[in-house]
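The values are calculated or read from the model by the stated rules, or taken from the named source; none is laboratory data. In this text, all values refer to a predicted model and were calculated from it rather than measured experimentally. Methodologically, a virtual Cβ is constructed for each residue, glycine included, from the backbone with ideal geometry; neighbour enumeration extends over all protein chains shown. Accessible surface areas use protein heavy atoms only, side chains included; no ligands, DNA or RNA. Shrake-Rupley method; radii C 1.70, N 1.55, O 1.52, S 1.80 Å.
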Amino acid sequence: INFRTSNTEKVRIESGGNVKINDGDLVIGTSGHGIDFGATSDAAGATSEKLDDYEEGSWTPTFFIGGNQATYSTGGQQGRYTKTGRLIYCQFMIDLATKGSGGSSSAVTIGGLPYTSTNDSGDRMNGLVTYIGAFTGLDTGGIVLYNTTNATSVTLYDAESTYTRTVKGENVENSSHLRGYVWYHC
């Protein structure tokens, strides 16, 4: 079976059951509906097999020491995200002009994430800093990002060889810059 407009084939249902869209998009017209993979086998604990959302976009990452926001170099706040179902995957780039007036013992956070995380403690945000510059006093076994539930920000932690400690204002210089990723459920 094929469907045409102006004598041009747009959609075909093939004899084997596949549906082929030759030109255009498959549009789900009502919220909550999607592509159902219910015919596949389930892992224990599966709660849904429906892909009901996909989105790509930009977000503006913010950098705080305590409750005080830094200032940024020109173009120093960039972020992109992909949302697939409930999973949000974000990448960010932050270049500071000045670190702001946050206290030296205050925690460093990145905010402005595009969606609020769930209120389920099993769905907490996680992330990694893949590049860091002009930070001081860190063991730099790696910088990890983590936060509690129901939030749009993550806290930076220095993953030292023996334990993990919070990155603080004293570790940040005015020209600090970092790149990284965050993933979480909304």
On a straight-distance basis, which lysines could pair with Lys10 in a cross-link, Cα separation under 26 angstrom, same-chain partners fewer than 8 positions away excluded? Lys20, Lys50
Using the heavy atoms of the protein chains alone and a 1.4 angstrom probe, what is the accessible area of the chain per residue in square angstrom? 58 Å²
Kindly identify region 127-186 as rounded, prolate or oblate by the Cα gyration tensor criterion: order the square roots of the eigenvalues as a ≥ b ≥ c, call it rounded if a/c is under 1.5, otherwise compare a/b with b/c, prolate if a/b is larger, else oblate. prolate
Anchor Lys168: lysines whose Cα lies under 22 Å away (excluding residues fewer than 8 positions away in-chain): Lys99
Could you put Ile13, Ile1 in order of accessible surface area, largest first, with the 1.4 Å probe and the full protein assembly present? Ile1, Ile13
Figure the gain on full extension for Ser121 and Ser58 (residue separation times 0.36 nm, minus the Cα-Cα span) and round it to one decimal in nm. 20.1 nm
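Taking Rh as the Kirkwood radius computed over C-alpha pairs, what is the Stokes-Einstein D of the chain at 4 °C in a medium of viscosity 1.567 mPa s, expressed in µm² per second?
Answer from the Stokes-Einstein relation: 67 µm²/s.
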In nm, to one decimal, how far is the modelled label at Leu51 from the one at Val27, with both set 7 Å along Cα→Cβ? 2.0 nm
For the residue pair Phe37 and Asn68, what label-to-label distance in nm results when each label sits 7 Å from Cα along the Cα-to-beta-carbon direction? 4.8 nm
Lys20: accessible area at probe 1.4 Å, nearest 10 Å²? 100 Å²
Using +1 at the C-beta of Lys and Arg and -1 at the C-beta of Asp and Glu, which of Leu51, Thr155, Gly24 has the Cα lying farthest in the positive direction of the dipole of region 1-160? Gly24
At Glu160 and Asp139, where each label point lies 7 Å from the Cα along Cα→Cβ, what is the point-to-point distance in nanometres? 0.5 nm
Arg179 - accessible surface, heavy atoms, 1.4 Å probe, Å² rounded to 10: 70 Å²
Compute, for the chain, the length of the dipole vector about the Cα centre, with Cβ point charges of +1 (Lys, Arg) and -1 (Asp, Glu) only. Units Debye, rounded to 20. 240 debye
